[in-house]
Amino acid sequence: MDIKQYVSDKARKAKTASRALANISTEIKNNALFKMAAGLEKESARLIAENQKDLAAADQKGLSKAMIDRLTLNPERVKAMADGLREVAALPDPVGEVLRMWRRPNGMEVGRMRVPIGLIGIIYESRPNVTADSAALRLKSGNASRNAHASRVQPGVSSFG
């Protein structure tokens, strides 16, 4: 499968997921974020072990020390990722918030409401924390996407993104 077909296939699947995500309750979203955080902490040792493989490959490819540092996971970074998921769960749900209402000259009431975009594509490098951060923000805002990086390693995160 070539890259164009691969991306198209992932986008099609994410678009299907976006329809379901757009309508889930705040409670379900927040519970999912808390479970994702718990999953990261529970699987911390496995994540760090898998990350060691990424670091070895990065070193072999001659990546800079700065890139390798950004790629590196350790217990503190995994905890920070889990804490970030919990912080997003604590935020107010933006979906359905009415930002402004006004009446047109003909008497019709018009408003501006926050709704999910639907599908978001994210491409990034050397930052495993971006997978958790972007998944949290997409889930809270009722959007779906596919990350073009290491989401396959992070438990609970890729199943929502």
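Going by what's in this entry, would SER64 be described as polar (S, T, N, Q) and exposed (fewer than 12 other Cβ atoms within 10 Å of the Cβ)?
It is true that SER64 is polar (S, T, N, Q) and exposed (fewer than 12 other Cβ atoms within 10 Å of the Cβ).
Pull up the stretch 107-133, narrow it to residues that are more than 12 Å from the chain's Cα centre (by Cα) and within 16 Å of ASN143 (Cα to Cα), then point me to the one that is surrounded by the most Cβ atoms within 10 Å (Cβ to Cβ).
Filtering the stretch 107-133 for residues that are more than 12 Å from the chain's Cα centre (by Cα) and within 16 Å of ASN143 (Cα to Cα), the one surrounded by the most Cβ atoms within 10 Å (Cβ to Cβ) comes out as PRO116.
Say we look at the stretch 28-61 and pick out the residues that are polar (S, T, N, Q) and over 19 Å from the mean Cα position of the chain (by Cα); which of these is surrounded by the fewest Cβ atoms within 10 Å (Cβ to Cβ)?
Among them, the one singled out is GLN60.
Within the stretch 134-144, restricting attention to residues that are buried (at least 23 other Cβ atoms within 10 Å of the Cβ) and not basic (Lys, Arg), which residue is modelled with the lowest pLDDT?
First pass over the stretch 134-144, keeping only residues buried (at least 23 other Cβ atoms within 10 Å of the Cβ): 135-136, 138-139, 142, 144.
Keeping just the survivors that are not basic (Lys, Arg) gives 135-136, 139, 142, 144.
On the way: ALA135: 89, ALA136: 93, LEU139: 91, GLY142: 90, ALA144: 80.
Among those residues, the one meeting the criterion is ALA144.
So, restricting to helices (runs of 4 or more DSSP H) that lie completely within the stretch 1-105, which ones have at least 2 residues that are at pLDDT 90 or above?
In the stretch 1-105, 26-42, 44-60, 65-71, 75-90 are the helices (runs of 4 or more DSSP H) which contain 2 or more residues that are at pLDDT 90 or above.
So LEU21 clears everything in (1) aliphatic (A, V, I, L, M); (2) closer than 20 Å to SER134 by Cβ; (3) surrounded by fewer than 17 Cβ atoms within 10 Å (Cβ to Cβ) except one condition, right? Which one?
Answer for LEU21: the failing condition is (3).
The values are calculated or read from the model by the stated rules, or taken from the named source; none is laboratory data. Predicted, not measured: the structure shown is a model, and the values here were computed from it. Neighbour counts run over all protein chains shown; Cβ positions are idealised from the backbone, glycine included.
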